[in-house]
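Have a look at the structure below before the remarks.
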Amino acid sequence: MADRSASAKKLSPGHTDVTARPFPTTTALAAVVLAAALFVGFVPIKTGPALGPFLDPAHGVWSVATRANLPEKQSAKIPGLRSPVEVSYDDRGVPHVFATNLDDAYRAIGWVHARDRLFEMEIQTRAVAGTLSELVGKRALELDREARAMGLAWGAERNFRLADSTSASARGIRAYADGVNAYIDHMTSADLPLEYRLLSAKPMRWKPQYSAYLLSRMGLTLAYSDGELRRARVEALIGRVATDALFPSNAPIQEPIQPNGQKSARFDFAKLPPPQPSDPTKLAIANDLERAAAHFASSTGGDGDFAFGSNNWAVSPSRTAAGHALLEGDPHLTLSMPSVWYEEHLVVPDTVDAYGVGFVGAPFIAIGFNRDVAWTETNTAADVADYYIETVDNDAHPTKYKLDDAWKPLEVRIETVHDRAGNALSTDTIYHTHRGPMLRAGTQWVSRRWTVLEPNDVNAVFANAARAHSSAELFKAFDSYEAPAQNVLTADRGGHIAIRSTGHYPIRPKSALRGDLLVDGSKSANDWQGWWPLTDYPQAVDPAQGYLASANQQPKDPKVDPRYFGWDWPDPWRAMRINALLRADSKVTPDAMRKFQTDPVSERTRIFITAFAQAVQAAPLPRDSALEHAAKILTTWDQKFTTDNEAAVLYVAALDELTRRTWDELVIPGATSADRPRGAATPSSTVLTELLDDPNSIWWDDRSTKSIVEDRDMILRSALVAGYQNTLKKYGVPGAAWKWGYVRYANINHLLRLPALSRLNIPMQSGPGTLSPSGGDGTAGSSWRMVVELGPEVRAWGTYPGGQSGNPSSKRYDDRLAKWESGELDTLRFPRRASDLSGKTLTSTLSLTPEAKP
C-alpha cells in the first residue's frame with residue numbers, strides 16, 4: 001500500500017481502514033502472512049484448496065514467496081526461437097527485450113508476460129469466452145451466459161479464422177503464444193501463481209486467438225452501448241421531443257477535439273421542451289427492452305464517465321519551455337490488482353525500438369513512444385452499434401427472420417456452460433441475423449450490429465505504429481484501425497502534433513440516420529451502407545493554437561459538421577479544464593504536464609456553487625439557519641478537490657440531491673433502488689447546467705408537491721439543505737470527519753476481489769469533473785499516466801497503480817502505488833543497448849535460447 005501523509009493516516013470517526021498492507025519481503029514471513037490471510041479468510045471462492053496441499057512446505061502457498069522477486073540471472077529455452085534473446089530488467093522491473101527479429105521479440109514478451117501475469121491472462125480470456133465457471137465454479141454462471149450471448153469470443157474466433165494466416169500479425173500472435181506456452185512448460189510446482197493454488201487449478205494452454213479475445217474485451221469496455229434499448233423507456237415517460245432534448249446528439253457545451261477557432265467553450269443552450277404524459281402501453285414494451293439491456297449490464301462494468309473518462313493532450317514546440325513537442329497520455333479504466341497494463345520495451349535493430357504499456361495477452365505496445373514519435377489514445381464515445389427490431393417466424397423458438405418480404409434462416413449457436421468438473425450448468429440457444437446476435441425483449445427480438453464484432457486486426461495496427469518515424473507515419477499505421485474507436489494523439493521530434501478520432505464509423509441510410517433510435521430490421525435498406533472516409537474523421541494537424549486535447553468530448557463541432565456521430569456525450573468539464581490550463585501557459589514544461597494530470601479543479605464546480613449561492617441570496621428573510629450555514633461552507637471553499645478540504649463532501653451531496661429532485665419526471669412508477677425511487681435514466685450535468693439558464697422551467701417543479709409549483713431557486717435551496725442534512729447524518733458536525741480524503745477513495749480490487757490482495761481506501765486528490773475524476777465506489781480511474789518530451793533524445797515519465805508482478809508477496813506487486821497516489825511520475829529508462837543497463841539500474845537478466853529440435 002502506498003504511504004499516506006500524516007493527515008491521511010488519521011481515521012474519521014466510525015471509519016475502519018481496511019487497506020491491505022504490503023506483504024513482507026522476507027521469504028519466511030511473507031509465506032506466513034499469505035497462509036494466514038488467504039486461507040483463513042478465503043470465503044469468496046467456495047472451491048478452495050485442501051488445507052494439507054495448500055500449506056505443504058515445498059509446493060504449497062509457502063513457495064509463492066520464494067518466487068516473489070526476479071532472480072539475478074535466469075535462462076530458458078523457447079521452441080521456435082530463431083536466435084538468442086536477451087531480456088534486461090531495470091530497477092523498476094521493466095523488461096527491455098533485445099532480439100534480432102520481431103517474432104522472437106514477441107516470443108520473449110509472451111514468456112515475460114506469463115511469468116508475471118499468467119493468472120490475469122487466463123481470467124480475462126475466460127471472461128470473454130464465458131468459461132469462468134470452469135475455473136471458479138457455478139457462481140460465475142450468469143457472467144458466462146452473458147459473455148456468450150454477447151458473442152465476443154464468437155466474433156474473435158471468426159475473425160481469427162478469416163485472417164490471413166501468413167501475415168506478419170498472424171505470425172506475431174503465434175510467436176507470442178509460443179512464448180506463453182514455453183513458460184507454462186518451464187514452470188515447476190513452485191512457480192504456480194497463488195490464485196491457481198487457491199482454486200486448486202492449473203493454467204490452461206494459450207492459443208493464438210486468445211489475443212483476439214483480449215481485443216474483444218477492450219471493445220466491450222470502450223465501445224459497448226445499449227442506449228437505444230434504455231432510451232425507449234425515457235420516451236415512454238416523457239415523449240420523444242423531451243427525450244431528444246435531455247439526451248441530445250449534440251452537446252450543449254462545445255469544446256471539441258478538432259479545434260474550431262474558439263478561445264473558450266461555447267454554450268449552445270436552449271429552453272428544454274416540457275415533458276409529455278407517460279404512455280403505459282409504450283412503457284410496458286420499453287420495460288421489456290430495458291430488461292434485455294440489463295442482461296448485459298454486469299459485463300460492461302465501470303462507472304460511467306469516471307471509468308472511461310480518459311485524457312490526452314499535446315503541445316507544439318512554440319508553446320513549450322524547451323522548444324520540444326510534449327505529449328501526455330492518461331487513460332482511465334477499471335482499476336485492478338494486478339493492473340490492466342504491463343510496462344515493456346522491445347528492441348529489434350533496424351526494425352523497432354519502442355517503449356510503453358501493453359495488455360498482457362497481446363504482444364503490442366498500445367500507448368508509448370519510440371526514438372521519433374509518441375502516441376496515446378482516449379475513447380471516442382462515438383455511436384458504433386445499432387439495434388434492429390426483427391420479425392421472426394416463431395416468438396418462442398425462431399428459425400427464420402424476415403428481410404425484404406423474404407424469410408432468411410437464422411444462424412444458431414448452442415452455448416453450454418460447464419462447471420469445474422465438466423458438468424453442464426446451462427445450455428442457451430443464441431440466434432444471429434446477418435447483423436449479429438439477437439436479444440429477446442418480451443415478445444420482440446432485437447438484433448445488434450456492432451463494429452467490435454467486425455473483422456479487425458489491431459495487432460497489425462499497433463505493430464506498425466511502433467515502427468513509425470513521424471506523426472504522419474503513425475497515422476498511416478492507424479488507417480486500417482476499426483474498433484474500438486479511439487482519439488489517437490501523436491507528437492514527434494520534428495515538432496508536429498496531431499490527433500484523429502480513428503475507427504470505423506457507419507454511414508447510416510436516410511431511413512435510419514440517427515443511431516440512437518431502434519430500427520426496423522425487416523428492411524435491408526435500413527442497414528449500414530459503408531464507412532466514413534478517413535478524410536471525414538474528426539482530426540487536426542499542427543493547429544494554430546499550438547496544442548490539442550481530448551477528454552471524450554464530442555469530437556467535432558456540429559456547426560462544422562452536422563452529421564450524426566453519437567449522442568448523450570460525456571460531460572465536457574475535463575476538456576474545458578485541459579484547454580484552460582493549456583491556453584494559460586505558453587511555456588509548458590514536462591513537470592507542468594505532470595501536475596495537470598491531478599489538477600484538483602473542475603470547471604463545473606464554479607457554475608453550481610454560484611447557482612446555489614445566488615439561490616440562497618434570493619431566499620426571503622428570515623432564512624433557514626441550515627441553509628445559511630451550508631451556503632457559507634460552499635462559498636468559502638476554494639473549490640479544489642484536495643484530500644484535506646472539508647467542503648467537497650457537502651457540494652457533492654447537494655449536487656446529488658439537486659439531480660434527484662430535478663429529474664423526478666424520469667422516475668419509473670413503482671421502481672425503487674435502495675432507499676429512493678429509481679429513474680429510467682439521468683441526464684448529464686451538462687444538461688442540468690443548461691436548465692439553470694431557465695429559472696421557471698416546468699422541469700424544476702416537484703410533482704410530489706401538488707399545491708406548489710417550484711422554480712429553480714426553490715429546488716436549489718431545498719437540495720442544498722437536504723445535502724447538508726445528509727452530510728451531517730453521515731459524517732457528523734463539520735470538521736475533520738468531512739475531509740475529502742476520508743470519504744472519497746480509490747479502491748483497487750484483486751481480480752478475485754480478495755481483500756488481502758487488494759489495495760483499498762486510497763485517498764485521492766480528485767473529484768467529479770476533475771482531470772483525475774472519481775466517483776461511485778472508486779474502482780475506476782487513471783490507469784496509466786505518461787508524459788513524453790520529443791527532443792533530440794526522447795525523455796519520458798510515467799507510472800500506473802500497482803506493479804509489474806502478479807505475485808502479491810513480491811515488492812513489484814504494488815511498488816508503483818505510492819507515486820501514483822501522490823501524482824508523481826517515474827523516469828522511464830530507455831536504453832539503446834542491453835549494456836546501457838548496469839549496476840543499480842539492472843536488477844535481473846533473462847537469457848532465452850532456441851530449443852534444440854529432437
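The values are calculated or read from the model by the stated rules, or taken from the named source; none is laboratory data. Just so we're clear, the structure is a prediction, and the values are computed from it rather than from any experiment. Ideal geometry is used to build each Cβ from the backbone, glycine not excepted, and the neighbour counts take in all protein chains shown. To get the accessible areas, we keep the full protein, side chains included, count just its heavy atoms, and leave off ligands, DNA and RNA. Shrake-Rupley method; radii C 1.70, N 1.55, O 1.52, S 1.80 Å.
Quick notes on this structure:
- 37 °C / 0.692 mPa s Stokes-Einstein diffusion coefficient of region 94-145, Kirkwood radius on C-alpha pairs, µm²/s: 257 µm²/s
- DSSP beta bridges in the chain [antiparallel fraction, %, rounded to 5]: 85 percent
- Beyond 18 Å in Cα-Cα separation lie the following of the pairs Lys263/Lys595; Lys73/Lys853; Lys400/Lys510; Lys595/Lys640; Lys595/Lys819: Lys263/Lys595; Lys73/Lys853; Lys400/Lys510.
- Fully extending the segment from Thr351 to Gln74 would add 97.1 nm, taking 0.36 nm per residue of separation and subtracting the current Cα-Cα distance.
- A Förster radius of 56 Å combined with the Cβ-Cβ distance from Asp664 to Ser470 puts the calculated FRET efficiency at roughly 0.55.
- Rounded to the nearest 10 Å², the accessible area of Ile414 at probe 1.4 Å: 110 Å²
- Rough spin-label spacing in nm, given labels placed 7 Å along Cα→Cβ, for Asp591 and Lys559: 4.0 nm
- Whole-number percent relative contact order across the chain, with pairs defined as alpha carbons under 8 Å at least 6 apart: 21 percent
- Each other residue within a Cβ distance under 11 Å of Met187 adds +1 if Lys or Arg and -1 if Asp or Glu, for a net charge of +1.
- For the set Lys282/Lys730; Lys632/Lys706; Lys138/Lys811; Lys739/Lys840; Lys556/Lys587, the pairs lying more than 29 angstrom apart at their alpha carbons are Lys282/Lys730; Lys632/Lys706; Lys138/Lys811; Lys739/Lys840.
- With all protein chains modelled, accessible area of Trp531 [1.4 Å, Å²]: 80 Å²
- Charge sum, other residues only, whose C-beta stays under 11 Å from Pro558's C-beta, Lys/Arg counted +1 and Asp/Glu -1: +1
- Förster radius 56 Å - calculated FRET efficiency between Ala270 and Ile123 (Cβ-Cβ, nearest 0.05): 0.70
- Residues of region 191-212 with amide N under 13 Å of a point placed 7 Å along Cα→Cβ from Asn423: none
- Positive end of the dipole of region 638-753 (Cβ unit charges, origin at the Cα centre): among Thr659, Met714, Tyr731, the Cα lying farthest that way belongs to Tyr731.
- Cα gyration tensor, region 314-386 - rounded (a/c under 1.5), prolate or oblate: oblate
- A 1.4 Å probe over all protein chains sorts Lys595, Lys739 by accessible area into Lys595, Lys739, starting with the largest.
- Taking all protein chains together, Asp694, Asp836 sort by accessible area into Asp836, Asp694, largest first [probe 1.4 Å].
- Using a probe of 1.4 Å on the protein chains alone, the accessible area found for Val541 is around 90 Å².
- Gyration tensor verdict on the chain (Cα atoms; rounded if a/c is under 1.5, prolate if a/b is larger than b/c, oblate otherwise): rounded
- With both labels modelled 7 Å from their Cα along Cα-to-Cβ, the Ile507 to Val709 distance reads 5.0 nm.
- D (Stokes-Einstein, µm²/s), Kirkwood Cα radius, region 598-712, 1.002 mPa s at 20 °C: 136 µm²/s
- Remark: the Lys202-Ala406 segment gains 68.4 nm on full extension, using 0.36 nm per residue and subtracting the alpha carbon distance.
- Computed lengthening from Val541 to Ser835, 0.36 nm per intervening residue step minus Cα-Cα distance: 102.0 nm
- By the helix-only formula, in which each DSSP H run with n ≥ 4 contributes -39500 (n - 2.57) and the sum is divided by residues, the chain has a 222 nm mean residue ellipticity of -9000 deg cm²/dmol.
- Set of aspartates and glutamates near Lys408 by C-alpha distance (under 12 Å), chain-local residues within fewer than 8 positions excluded: Glu390, Asp393
- Accessible surface ranking for Ser847, Ser211, Ser625, Ser707, 1.4 angstrom probe, highest first: Ser707, Ser625, Ser847, Ser211.
- The distance between label points at Ala852 and Arg291 comes to 6.7 nm (points 7 Å beyond Cα on the Cα→Cβ vector).
- Whichever aspartates and glutamates have a C-alpha closer than 19 Å to that of Lys476, once near sequence neighbours (fewer than 8 apart) are set aside: Asp353, Asp372, Glu377, Asp457, Asp492, Asp536, Asp542
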